[in-house]
1. Would you check if there is a residue in region B:99-106 being under 26 Å from the mean Cα position of the chain (by Cα) and either over 30 Å from B:Gly358 (Cβ atoms) or not aliphatic (A, V, I, L, M) (or both)?
2. Sort out which residues of region B:425-445 are in contact (Cβ under 8 Å) with a residue 40 or more places away in the chain, surrounded by fewer than 14 Cβ atoms within 10 Å (Cβ to Cβ) and outside any loop (DSSP other than H, G, I, E, B), and write them in order of number.
3. Looking at region B:386-407, can you tell me whether even one residue there is assigned to a loop (DSSP other than H, G, I, E, B) and farther than 19 Å from B:Leu242 by Cα?
4. How many residues are in contact with a Phe, Trp or Tyr (Cβ under 9 Å, 6 or more places away or on another chain) and either assigned to a strand (DSSP E or B) or among the hydroxyl-bearing types (Ser, Thr, Tyr) (or both) when one looks only at region B:1-22?
5. Is it the case that some residue within region A:21-40 is at pLDDT 85 or above and assigned to a loop (DSSP other than H, G, I, E, B)?
6. Applying the selection to region B:438-459, what residues are of a type in the set (A, V, I, L, M), modelled with pLDDT under 90 and out of contact with any Gly (no Cβ under 7 Å at 6 or more places or on another chain)?
7. Could you tell me whether B:Pro297 is within 25 Å of B:Asn435 (Cβ to Cβ) and either crowded, with 18+ Cβ neighbours inside 10 Å or without any contact (Cβ under 8 Å) to a residue 24 or more places away in the chain (or both)?
8. Looking at region A:61-73, can you tell me whether even one residue there is within 12 Å of chain B (Cβ to nearest Cβ) and in a loop (DSSP other than H, G, I, E, B)?
Amino acid sequence: MGEVSRRAFLASGSAGAVAIAGVASGGLGAIGLVAGEEGELTPAEIDAVAAPMMLHVRDAAAGEVEILFEDQSLVVTDKTLVAKVLRATR
Amino acid sequence: MSSHREAPSIAKDPVADSTDAYAFVTPNSPGTVTIIANYLPAELPAGGPNFYEFGDDVLYEINIDNDRDGLAEITYQFTFTNAITNTTTFLYNTGPILSLDSPNWNRRQTYTVTRVDHRTGASSLVASGLTCPPCFVGRRSTPDYDSLAAAAVHSLPGGVQVFAGQRADAFFVDLGSIFDLGALRPFQSAHAVPIPLPGISNEGVDTLRHSNVHTIAIQVPIGSLTSDGTVPSDPMSAVSVLGIWTAASRQKGSVLDGQGGHTEAGPWVQVSRLGNPLFNEVIVAMDHKDHWNAVTPDQDSQFAQYVAQPELAKLLPVLYPNVFPNLKAYTKDRADLLAILLTGIPAGIVPGFQNSTGSVQADMLRLNVAIPPTSNPNRLGLVGGDAAGFPNGRRLMDDVVTIELRAIAGLTIPLVDPSFTPDAAASAIEDGTFNPTERIQLDAFPFIGPPHSGYRVPA
């Protein structure tokens, strides 16, 4: 498996939702993917992530992912990311 | 119970479970308001070796609405940090704890207080590193508990006092009887389901008599809570009424790491709240209780149906046949309860008194700070002619179970519908429990009494 396989997956039984728990670098990698930026993270980007990060696929059909970090959340829409995540669980 | 384990989800999360909220003009400092937020229901005092503590992953809040919208304008936030002094022992303490910096005390908590002004968005650190007292382990471990608790009362800038730690639960109720098909022991001979009476006492059994809780208490100058910064003296002024409720929140995401640790991330999500006692407990239907805990009071119109046609008012005539004929025949919406619990009592109902917060339906304690404390309180509060008591805020000695039972039984309907005559039983109904004085200290903040000792209870 690729990058996402190194993360822990917590699959819920409802509505096809999948929650992903990631450590700092994994979470940041996901955000980079969501943002559509290419390439590996720079050391400075990795260092900038001090706290854990979690991703929650809120709506697989719509490609909605909620990113939980620090005491905030951010909802992004990325059907490619959601497809990659869901297929990784199979 | 008032709100002990009152909803399915929060019953599984005791450290975040709001059990009671109290708010009153401070008896020995009438220029201030004291607000008490209790959590951790039904603590067994002998709870060692892991004695009770606040959650270090929970955000505790005391909210004040001063502009009648059911939303907080001011919030005091409390977060806790654990520290272990000796990592080589399983013990809570390795000798007598004689002071809050005792090396014998192995697991301790400190906390941070933050004040949020929602009008400006400003979040101000009030204080950090504040010490909690230990739990009352017993006379060997905590030989002078009152001194430890007194040392944990912190005076902060701006005339604020705070305390956070274990106390005796001041709430009293015959839980075992009430939730056994609504039986009230003093009147059980009239119950629809008779049980053999010989040997069965008609006295109420106070379920919480030996239980502790964890208390957050704060005493704040009135002028720092009102919308215009004044200390109102006119009870009929809208400025004089504060809406008050407590809450607890957890972060949206939590992951167990499989090594005994856990990680949280994301915004805080409310998992518990408390305004009027017993609101979620005996009014909101089971299927909506968890949702009620998750929303803010400004959204409470969705629960108004349960207040307008309370299930308990329908059950009383069934459980006590022929005792409540007038209540049974009353089919109108309960405008009295809608006012008492959701909007406050408007002017013109009780002479010289009001605690209205306008038309927004919101479950909050409503405290008219222009009503001075009384030296001769009546446990029935406003129903007993004492405007300084519930439902004008809530004092520790207020018998809210009796007050609300009588209100639901119809005693307060004539306030809004003079054509109704309450059943005789409405003014007599009670569960037979009485507030024991040892669970309240009348002369000093935090006013709620010292916890029961693990060594002595149950005694």
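1. Here is the first cut: in region B:99-106, the residues under 26 Å from the mean Cα position of the chain (by Cα) are none.
No; the residues of region B:99-106 include none that is under 26 Å from the mean Cα position of the chain (by Cα) and either over 30 Å from B:Gly358 (Cβ atoms) or not aliphatic (A, V, I, L, M) (or both).
2. Across region B:425-445, the qualifying residue is only B:Glu438.
3. If we filter region B:386-407 for residues that are assigned to a loop (DSSP other than H, G, I, E, B), which is where we start, we get B:386-391, B:393, B:395-399.
With the extra rule that they be farther than 19 Å from B:Leu242 by Cα, the set shrinks to B:397, B:399.
Checked region B:386-407: at least one residue is assigned to a loop (DSSP other than H, G, I, E, B) and farther than 19 Å from B:Leu242 by Cα.
4. Within region B:1-22, residues that are in contact with a Phe, Trp or Tyr (Cβ under 9 Å, 6 or more places away or on another chain) and either assigned to a strand (DSSP E or B) or among the hydroxyl-bearing types (Ser, Thr, Tyr) (or both) number 7.
5. yes
6. Going residue by residue through region B:438-459, those that are of a type in the set (A, V, I, L, M) are B:440, B:442, B:444, B:448, B:457, B:459.
Checking which are modelled with pLDDT under 90 leaves us with B:440, B:442, B:457, B:459.
B:Leu442, B:Val457, B:Ala459, listed by residue number.
7. Details: within 25 Å of B:Asn435 (Cβ to Cβ): no; either crowded, with 18+ Cβ neighbours inside 10 Å or without any contact (Cβ under 8 Å) to a residue 24 or more places away in the chain (or both): yes.
Answer is no for this residue.
8. Here is the first cut: in region A:61-73, the ones within 12 Å of chain B (Cβ to nearest Cβ) are A:66-73.
Cutting the leftovers down to in a loop (DSSP other than H, G, I, E, B) gives us A:70-71.
Scanning region A:61-73, I find at least one residue that is within 12 Å of chain B (Cβ to nearest Cβ) and in a loop (DSSP other than H, G, I, E, B), so the answer is yes.
The values are calculated or read from the model by the stated rules, or taken from the named source; none is laboratory data. Being a predicted model, the structure only gives us computed values, none of them experimental. No Cβ is skipped: glycine too gets one built from the backbone with ideal geometry, and neighbour counts run over all protein chains shown.
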